[in-house]
Structure formats: structure tokens, C-alpha cells
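**Student:** I am attaching a structure below and will ask some questions about it afterwards.
Each value in this text was obtained by applying a stated rule to the coordinates, not by laboratory testing. Everything numeric in this text was worked out from a predicted model, so none of it was measured. Here Cβ is always computed from backbone atoms with ideal geometry, including for glycine, and neighbour counts include all displayed protein chains.
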Amino acid sequence: MALWRIRATVDDRPGYLSVLTASLALRGVNILTVQVHTTEVGAVDDFLVDAPDSLTEADLRAAVERGRGRDCWVARSEARGLADEPTRALGLAGRLVRDPEAAGATLRTLLGADAVTWRPIPASAPGGVGGTTMLLTDPAGGAYELRRREPTFTPAEYARAQALVELAATVGRRDTDRVVLVLPDGAEVSVRTASVDDVPAVRELHAGCSERSRQRRYLSGAADPSPARLRRLLEPARGLTLLATAGSGGAAEPVVAMANLVGEGDEAEAALLVRDDWQRRGLGSALLRRLVGHADRAGYAAVLLHVQAENTPMLRTLRRLDRPAALERDGGVLTAAVPLAPAERVGVPAAREPRAVRPAWTGRDTAAGLPAQRPG
């Protein structure tokens, strides 16, 4: 006996699957597992079978066609194909939890793809299936393109693969950009991605900031966001929120700065809130640089910042990016647009840029939130 994988499309009507299985049974084929993938053109049935050694690929294909199956694909299988598919998927998910950078290899294993390529496409590009090509949107930015010669991909396979990509992004976001920065004055701060569990600490950050600092952050009277708004801000749908804590980042150490990136279309808005006693120490520049780097990797075309015209420290921080920025004035507010398309990038003097030490993991990051609110 030999193991084979058979995939065929069958009309999604009562009794049609039994006709196909009967045709296989007449030739001594034992069906070990079956998965049904619903599609617009019918049910795609995926069998793992044990067939007599005398049967060839052509024999199995003929049996399927006699059983009213079409678009048939047949290939030899191995003993590992006997693994339960949900169990196999859970095993791969566990692998991603341990190593989110293994997303490409995990997708190749899950779908038997011939090629898996990550592409920095715009964040708004849709994913989907097109025959032997699959495009999976990476919440961290870009997309994975999968190709295999046969069989064609199904919507069910797409859903499984997209779930694994999103898992990898979620795990990656947990540890992304977790570093310790050494500021020019020798002070250390730990930078990490925020979560909704940080609401109490971020409320304390707001309480520890002067009214002027809060107004510069939000550009309006909403200087003390509600807990509900902070939750949306800390775990945004598209973009990133970073928190800086004093020292090595222990649970008891206070949050001294928050940096938000919000994606909308092909642009992202950035905003900073730094506690007054931590301002003018290079922390804002370091956080803004990390936000712009994330937006660049995620495929955004530009980063926007809304700054009060009298906010000289923030304008100075913007200049330290050493990237060209177009300024547009609307009353007392300046909107700076920093393009992210390939351009000349001048190195920042070492004395200005804090050093990052002891990086935990530097993969791509994800999500989005609520930036500074325009007045009115």
C-alpha cells in the first residue's frame, strides 16, 4: 500500500462526495483523512489515502473523474501527512510563538509552498488568493507572497495562513523595539511596545506632565484622555505605540514618555508626550526616529506631525531627523510631512543620538492608534 494526496473539486450537492468516495473504494483505496474547502466553484476535497501499490497516479486520477470530481491533483505523500491538520497547525503556531521571525518558513511548511517572499508593499494593499499565488497582508507592514506549482490555493488555506501571519505579528509586537537607551547625559531608559495593561501607568504619565506639555501633545483642551481612549491609543489598529520607562524597565518603574504612530491610508501620523523632567535630554528624538523607522519598514509614503508653531523643542526634534520635511501652516499649528520614499539620508552626529544597548529583538513591528488631534 502507498500513501497519496488527492485534491479535487466536487459540486457542493447532496450525495456527490459519496459518489467520489465510492469510486475510490471500488479500486481498493482507503481514505485516511479528508478536508473540505468551500469555494465559489464547489467544494474542494483534500484526501489522504492509502492505495494499492498497483495503482498509479493516472489510475487514481481516472477514479476521481469517474466519481464526478474535476480539477484533480494527485501526488505521493509521506507518513507525516497522517498528522491531524488542526494539531499540525497548532504545532506551527507554537513555533511562531517561540520565534516570530520564522513566519516565512512556517508558511512554507503549512502550505507546501515552493517560494515565500516578503515584499514591502503599501499597507493598504489587499491580500487574497489567485490560483497558485497567495498574498498575505503582514500587520507589521508589507506582505508575504506565496507560490506553488500545484495544487491551487483555496480560501480555507488562505484563512489559516493569514491567521499565522497575524499571530507572528502579535508576538513580534510584544517584543519589538524593546531596548535600553543610554541618553547623552548617561541616563538609561527602557523602550518597549505598549499594551492595554499600561493604561494605569500612562495615566500617571499624563498626571506627571505639565498642562503645557499635555496641550502640546493633543493640540486641544483634551489634555487628560479617558481610559477608553487610552486603550485605543495603546493598542492601535494600524501603527505603533512605544513607551519609555526609567531604568531597565521593571514593572515598578514609571513611564516617562509615550510615542504614538497612527496609520491612515498610505500616511502615518506621529505624536510624542515626554514628562517635563525628561525633556531636552534626547529621548524625544530617539523615540521619533524609531517611529519613522517603523513607518518606513511598514511601507508608508510619509509621516505627518502636527506641531504648535511655538513648540520650538518639538520643531528642533523634527530637524534632528535629518530628513526633508514640508511644512504647512494652519493658524497656530504647523503640519510637517516627512517623506519616506528613497531619499538622501544624512547621518546623525553621535553626540545627539542616544545609544541603544542590549536589544531584545529587532523584528518588524505592528498596529496603530490615535495621534494628536487637530483643533476644531
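**Student:** At 0.36 nm per residue, minus the direct Cα-Cα distance, what do residue 322 and residue 57 gain on full extension? Give it in nm, one decimal, please.
**Tutor:** 89.1 nm
**Student:** Gain in length, residue 229 to residue 212, computed as 0.36 nm per residue apart minus the alpha-carbon separation, to one decimal in nm?
**Tutor:** The span from residue 229 to residue 212 would gain 4.1 nm if fully extended.
**Student:** What's the FRET efficiency of residue 1 with residue 71 using the Cβ-Cβ distance as r and R₀ = 22 Å, to the nearest 0.05?
**Tutor:** My answer for the efficiency is 0.25.
**Student:** Let me ask you something else. When the Cα centres of the stretch 275-326 and the stretch 49-111 are compared, how far apart do they sit, in Å?
**Tutor:** 49
**Student:** Under the definition of Cα pairs under 8 Å and six or more residues apart, what whole-number percent is the relative contact order of the stretch 187-296? Write down the numbers at each step before the final one.
**Tutor:** Values: 169 pairs, mean separation 31.7, N = 110.
Taking the mean separation of contacting Cα pairs over the length of the stretch 187-296, I get 29 percent.
**Student:** Want the number for residue 115 to residue 335: 0.36 nm per residue separation, take away the alpha-carbon distance, what's left?
**Tutor:** Using 0.36 nm per residue and subtracting the Cα-Cα distance, I get 74.9 nm.
**Student:** Taking the Cα atoms of the stretch 85-174 alone, what are Rg (to one decimal) and Dmax (as a whole number) in Å?
**Tutor:** Looking at the stretch 85-174, its Cα Rg and Dmax stand at 12.1, 36 Å.
**Student:** Can you give the local net charge around residue 74? Use residues other than it whose beta-carbon is closer than 9 angstrom to its beta-carbon, Lys and Arg +1, Asp and Glu -1.
**Tutor:** Net of charged neighbours comes to +3.
**Student:** Further question: List, in order, the whole-Hz ³J(HN,Hα) value for each residue of the stretch 160-168 obtained from phi through the Karplus relation with A = 6.51, B = -1.76, C = 1.60 and θ = phi - 60°; use x for Gly and Pro.
**Tutor:** Per-residue couplings from phi come out as 5, 5, 5, 4, 5, 4, 5, 4, 4 Hz.
**Student:** Just the projected area, averaged over all directions, of the convex hull on the alpha carbon atoms of the stretch 176-357: how many nm²?
**Tutor:** Averaged projected hull area, Cα only: 10.0 nm².
**Student:** Quick one: net charge around residue 113, please, counting Lys, Arg +1 and Asp, Glu -1 for every other residue with C-beta under 9 Å from its C-beta. Don't skip to the end; give the middle numbers.
**Tutor:** Working: positive: 108, 147, 148; negative: 114.
That sum, taken over residues with Cβ under 9 Å, equals +2.
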